[in-house]
Amino acid sequence: MKETPKRALIKVDTTLRFFLVTLISVFIIETLIMLLLPRLHLMSAFWEAVIDGSLLVLALFPLLYYLSFRTLMLNNLKVKQYNEKLEQNQQTQETINSILDLSLQAISLEEHLDRTLDHILSLPWLSFEQRACIFLVEDKPDMLIMKIHKGLPEDILRTCSKVPFGRCICGRAAKTNEIIFADRIDDRHEIRYEGISSHGHYCFPISAGGRVLGVLNLYVKEGHKENEVEIEFLSSITAVLAETIERKRAEKELKKNINELEQFNRLSVGREKRMIELKSEINTLLHTMGKEERYMLHGHEKQDDGK
């Protein structure tokens, strides 16, 4: 991207000002030193040169530090932070793209959720512990069922396998349909067990159209600060998860309906064939008895019966 003339002018003025200030400062300082040295009555030219150089360095150090070195260090820090931000954004976008690609693959919903958690926990810039789980709402509309988990101890798997809406942090996130953050175990952490370790939570509701489909629960270290970048990233992830959950469930329901329709069709066809066979048998029996056939069979029915 091309620099605007104004920005280019500012850079030129700053560089020129630094050059002029340094040049004038060296001239003034060296002049003062040369006026001072004769008053010291030094007998050796060597010591005059040493003192001259030392005084010049000491006098120029603050000027060069504040006008040059300090500015360069700050600029380097900004460049480093900018590069880290770029790398973070690239990793974030790659992760979101990978999760989007997962949603298009012919895999089960459970496998999709499992691999999504792997992608989230693999990001180096996210300060999450390697513990997480995903709850889904299934048959009961006010109950969370833990479907996928990573790194959770048996006590949590037992006590948190089912969480009612409104209970503990995950249940509160589901009931309010709002993101809940906790930097430590507090009064909201109602489900506890013996030996529970200190930790915090990000609980993100997975919702679509105002309807809660589940909750994404991630663990953080105690004292972790709520981070807008993390919230924005995880909000994007939960939006993708909500769309995937609805689509996978719709596909499952459609497949179920198709199977039921195919089964009904098979039963209907079988029943129709059996009726044709019975009519044909009755007609045959009546014909054998010398009586008139009772049923009129069409051409395709006779063909089916012959088969």
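The values are calculated or read from the model by the stated rules, or taken from the named source; none is laboratory data. Given the structure is predicted, the values throughout are model-derived calculations rather than measurements. Cβ atoms come from the backbone with ideal geometry, glycine included; neighbour counts cover every protein chain shown.
Taking the options 140, 85, name whichever one is under 18 Å from the mean Cα position of the chain (by Cα) and among the basic types (Lys, Arg). Even if it seems obvious, please write down each step before you answer.
Numbers: 140 fails: under 18 Å from the mean Cα position of the chain (by Cα).
Answer to the check: 85.
Residues checked against (1) of a type in the set (S, T, N, Q); (2) under 24 Å from the mean Cα position of the chain (by Cα); (3) within 17 Å of residue 235 (Cβ to Cβ):
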| position | (1), (2), (3) |
| --- | --- |
| 153 | no, yes, no |
| 160 | no, yes, no |
| 174 | no, yes, yes |
| 177 | yes, yes, yes |
| 187 | no, no, no |
| 192 | no, no, no |
| 199 | no, yes, no |
| 203 | no, yes, yes |
| 214 | no, yes, yes |
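Taken over the range 204-251, the residue count meeting the criterion of being more than 22 Å from residue 93 (Cα to Cα), in a helix (DSSP H, G or I) and either of a type in the set (S, T, N, Q) or free of Cβ contacts under 8 Å to residues at least 60 places away in the same chain (or both) is 3. Inclusion of residue 185 among residues that are at pLDDT below 90, out of contact with any Cys (no Cβ under 6 Å at 6 or more places or on another chain) and of a type in the set (Val, Ile, Thr) is warranted. Residues in the range 6-46 that are of a type in the set (Phe, Trp, Tyr) and modelled with pLDDT of 75 or more: 27, 46. When the range 161-180 is filtered for residues that are closer than 20 Å to residue 222 by Cα and part of a loop (DSSP other than H, G, I, E, B), only 179 remains.
Which numbered condition in (1) surrounded by fewer than 12 Cβ atoms within 10 Å (Cβ to Cβ); (2) within 21 Å of residue 204 (Cα to Cα) is the only one that residue 109 fails? Residue 109 satisfies every listed condition except (1). Of the residues making up the range 112-139, just one is surrounded by fewer than 16 Cβ atoms within 10 Å (Cβ to Cβ) and part of a strand (DSSP E or B), namely 130.
It is to be established whether one or more residues within the range 179-199 are surrounded by fewer than 14 Cβ atoms within 10 Å (Cβ to Cβ), in contact with a Pro (Cβ under 7 Å, 6 or more places away or on another chain) and assigned by TED's automatic domain parsing to the domain that holds residue 231. Walk me through how you get there before you give the answer.
Kept after step one, since they are surrounded by fewer than 14 Cβ atoms within 10 Å (Cβ to Cβ), are these residues of the range 179-199: 186-187, 190, 192-195, 197-198.
Then drop every residue that is not in contact with a Pro (Cβ under 7 Å, 6 or more places away or on another chain), which leaves none.
No - not one qualifying residue is present in the range 179-199.
For residue 201, the conditions (1) in contact with an Asp or Glu (Cβ under 8 Å, 6 or more places away or on another chain); (2) part of a strand (DSSP E or B) all hold with the exception of (1).
Within the bounds of the range 140-160, is there any residue that is in a helix (DSSP H, G or I), without any contact (Cβ under 8 Å) to a residue 40 or more places away in the chain and of a type in the set (Val, Ile, Thr)?
Initial filter on the range 140-160 (in a helix (DSSP H, G or I)): 154-159.
The next check asks that each one be without any contact (Cβ under 8 Å) to a residue 40 or more places away in the chain; those that pass are 154, 156-159.
After this cut, where a residue has to be of a type in the set (Val, Ile, Thr) as well, the list is 156, 159.
Scanning the range 140-160 turns up at least one residue that is in a helix (DSSP H, G or I), without any contact (Cβ under 8 Å) to a residue 40 or more places away in the chain and of a type in the set (Val, Ile, Thr).
Rundown of residues vs (1) surrounded by fewer than 16 Cβ atoms within 10 Å (Cβ to Cβ); (2) of a type outside the set (Ser, Thr, Tyr); (3) under 25 Å from residue 210 (Cα atoms), yes/no style:
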position	(1), (2), (3)
70	yes, yes, no
82	yes, no, no
88	no, yes, no
102	no, yes, yes
142	yes, yes, yes
